[in-house]
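Trainee: Quick one: structure below, then a few questions.
The values are calculated or read from the model by the stated rules, or taken from the named source; none is laboratory data. Given the structure is predicted, the values throughout are model-derived calculations rather than measurements. Cβ: placed from backbone, ideal geometry, glycine included. Neighbour counts: every protein chain shown.
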């Protein structure tokens, strides 16, 4: 019988504690970046995650926990689902001719 580890936050922190903090972008940078309002900041956080040694575990855990929001494992979550990008605040114009 094989044991499968559930991707909990505790497991993520345990694995992250085994890695040099300089290699963990969410610890080496401002943590607010992973919960930013600016679409550019969110895309920057997603890019930083791509080289993270615990990226897969972070993403798996966020998916299983249905994280309500933020960047986890290089993906943006909103209401527990991965979304491709963050839209800027405000509604888009109904037509281009409106000023």
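Trainee: Considering region 60-70 alone, what residues qualify as being part of a helix (DSSP H, G or I) and under 9 Å from the mean Cα position of the chain (by Cα)?
Mentor: If the condition is that a residue be part of a helix (DSSP H, G or I) and under 9 Å from the mean Cα position of the chain (by Cα), then 62 is the only one that fits.
Trainee: Also: Filter region 1-44 down to the residues that are over 19 Å from residue 61 (Cα atoms), modelled with pLDDT under 85 and part of a helix (DSSP H, G or I) and list them by number.
Mentor: Correct list: 21 only.
Trainee: Let me ask you something else. Return the residues of region 8-35 that are in contact (Cβ under 8 Å) with a residue 40 or more places away in the chain and either under 15 Å from the mean Cα position of the chain (by Cα) or loosely packed, with under 15 Cβ neighbours inside 10 Å (or both); say none if nothing qualifies. Reasoning before the result, please.
Mentor: Narrowing region 8-35 to residues in contact (Cβ under 8 Å) with a residue 40 or more places away in the chain: 8-9, 11-12, 15.
Scanning region 8-35 gives 8, 9, 12.
Trainee: If you go through region 83-96 one residue at a time, do you hit one that is surrounded by 10 or more Cβ atoms within 10 Å (Cβ to Cβ) and modelled with pLDDT of 90 or more?
Mentor: yes
Trainee: Looking at region 45-59, which of its residues are buried (at least 17 other Cβ atoms within 10 Å of the Cβ) and outside any loop (DSSP other than H, G, I, E, B)?
Mentor: 45, 46, 48, 49, 55, 57, 58, 59 - these are the residues of region 45-59 that are buried (at least 17 other Cβ atoms within 10 Å of the Cβ) and outside any loop (DSSP other than H, G, I, E, B).
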